[in-house]
Amino acid sequence: MEGAIREANDAFLLMVGYTREDLRAGLLRWTDMTPPRWQPQDEKAREQIHQSRMCTPYEKEFIRKDGSKVPILIGAARLEGSETESIVFIVDISERKRAEAKTARVASFPILNPNPIMEVDRSGVVYFTNPAIERLFPDLREKGREHPLLANGEAFVRPFYESGLMQQTRDVYVNERWYRQEMHLVEETKYIRIFGQDITDRKNAERELLERAVQFEKAGCPPA
């Protein structure tokens with residue numbers, strides 16, 4: 001995942017704004033398309049590929065030919081029989097990022113936020129839920145700490161009060177959907193505020209990238 005890009009399909013070329021002539025001329029270089037702040041993630045991925053032949057999917061940006069940037073989800077696997085060449089799988093996540101930015105604009109208003117938000121005390125008792133959480137999980141208050149949204153509640157609550165933790169993140173699986181939970185200790189009340197976000201599409205895309213990488217690794221196929 002560095003140096004010249006040898007092969008690419010039409011979808012990739014369209015996404016980054018280059019032509020097949022640019023590709024043949026060696027103008028598509030990984031480092032030229034990667035903003036400096038994303039280079040550490042690329043380096044970590046290269047290390048994973050070197051050690052285990054594939055990397056965990058991650059998000060980054062590409063610099064397009066016209067200078068604009070496109071957000072992507074990326075995964076990669078080293079080609080069979082090669083120590084230096086990898087096949088890279090990329091998903092354009094521009095639409096999802098725009099949706100996330102729109103949601104972020106109302107994130108400070110729990111009542112308006114379309115994502116599930118709740119507050120729990122140190123024992124995991126729910127003290128507040130916004131309309132989104134009441135719509136998505138109408139049985140939350142009834143089940144309380146037994147609800148899968150609060151799975152292992154004691155384990156994630158304890159560090160806030162015993163270790164001085166101020167925030168943490170985890171993923172939970174509820175009703176066949178994945179949710180990313182951002183948890184923060186509210187100093188004024190000492191309650192834990194939990195912001196949820198549906199990341200099912202992201203999880204599915206990551207799984208698809210990994211499955212494709214595994215298939216190519218097993219088959220020893222060259223990139224299309």
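The values are calculated or read from the model by the stated rules, or taken from the named source; none is laboratory data. All figures in this text were calculated on a predicted structure; none of them were measured in a lab. Note: ideal-geometry Cβ built from the backbone for every residue, glycine included; neighbour counts use all protein chains shown.
Residue-wise test of (1) over 24 Å from the mean Cα position of the chain (by Cα); (2) surrounded by fewer than 13 Cβ atoms within 10 Å (Cβ to Cβ).
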position: 122; (1), (2): yes, no
position: 135; (1), (2): yes, yes
position: 150; (1), (2): no, no
position: 162; (1), (2): yes, yes
position: 176; (1), (2): no, yes
position: 182; (1), (2): no, no
position: 195; (1), (2): no, no
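Please determine whether any residue of the stretch 30-41 is hydroxyl-bearing (Ser, Thr, Tyr) and closer than 24 Å to residue 214 by Cα. The answer is no, given that none of the residues of the stretch 30-41 is hydroxyl-bearing (Ser, Thr, Tyr) and closer than 24 Å to residue 214 by Cα. Residues that are hydrophobic (A, V, I, L, M, F, W, C), touching a strand residue (DSSP E or B) at 6+ places or on another chain (Cβ under 6 Å) and in a helix (DSSP H, G or I) do not occur anywhere in the stretch 53-64. Residue pairs whose Cβ atoms lie under 9 Å apart, separated by 6 or more positions or on different chains, with the first residue in the stretch 34-58 and in the same structural domain as residue 71 (by TED's automatic domain parsing) and the second of a type in the set (Gly, Ala, Ser) and assigned to a helix (DSSP H, G or I), are 53/213; 54/213; 55/45; 55/213; 56/45; 57/205; 57/213; 58/45.
Please go through the stretch 32-60 and give me each residue that is under 20 Å from residue 207 (Cα atoms) and touching a helix residue (DSSP H, G or I) at 6+ places or on another chain (Cβ under 9 Å), ordered by number. Hits for the stretch 32-60 are 42, 53, 54, 55, 56, 57, 58, 59, 60. Taking the criterion of being more than 16 Å from residue 76 (Cβ to Cβ), under 23 Å from the mean Cα position of the chain (by Cα) and in a loop (DSSP other than H, G, I, E, B), the only residue of the stretch 1-42 that qualifies is 35. Just need a number here: residues in the stretch 1-40 that are hydroxyl-bearing (Ser, Thr, Tyr) and either loosely packed, with under 12 Cβ neighbours inside 10 Å or in contact with a strand residue (DSSP E or B) (Cβ under 8 Å, 6 or more places away or on another chain) (or both). Counting residues in the stretch 1-40 that are hydroxyl-bearing (Ser, Thr, Tyr) and either loosely packed, with under 12 Cβ neighbours inside 10 Å or in contact with a strand residue (DSSP E or B) (Cβ under 8 Å, 6 or more places away or on another chain) (or both) gives 1.
The residues on offer are 101, 45, and the sole one that is of a type in the set (A, V, I, L, M), surrounded by fewer than 17 Cβ atoms within 10 Å (Cβ to Cβ) and not in a loop (DSSP other than H, G, I, E, B) is 101.
Here is a yes/no grid of residues against (1) in a strand (DSSP E or B); (2) in contact with a Lys or Arg (Cβ under 7 Å, 6 or more places away or on another chain); (3) over 19 Å from residue 200 (Cβ atoms):
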| position | (1), (2), (3) |
| --- | --- |
| 80 | no, no, yes |
| 88 | yes, no, yes |
| 95 | no, no, no |
| 119 | yes, yes, yes |
| 141 | no, no, yes |
| 149 | no, no, no |
| 160 | no, no, yes |
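Can we say residue 155 is touching a strand residue (DSSP E or B) at 6+ places or on another chain (Cβ under 6 Å), modelled with pLDDT under 90 and either among the hydrophobic types (A, V, I, L, M, F, W, C) or assigned by TED's automatic domain parsing to the domain that holds residue 73 (or both)? Here the answer is no, as residue 155 does not meet what is asked. Please verify whether residue 104 is at pLDDT below 85, under 30 Å from residue 14 (Cβ atoms) and of a type outside the set (Phe, Trp, Tyr), treating the condition exactly as stated. So residue 104 fits the description; yes.
Check whether at least one residue in the stretch 176-188 is free of Cβ contacts under 8 Å to residues at least 60 places away in the same chain, within 14 Å of residue 120 (Cα to Cα), in contact with a Ser or Thr (Cβ under 8 Å, 6 or more places away or on another chain) and not in a strand (DSSP E or B), and report yes or no. No, because not a single residue in the stretch 176-188 is free of Cβ contacts under 8 Å to residues at least 60 places away in the same chain, within 14 Å of residue 120 (Cα to Cα), in contact with a Ser or Thr (Cβ under 8 Å, 6 or more places away or on another chain) and not in a strand (DSSP E or B).
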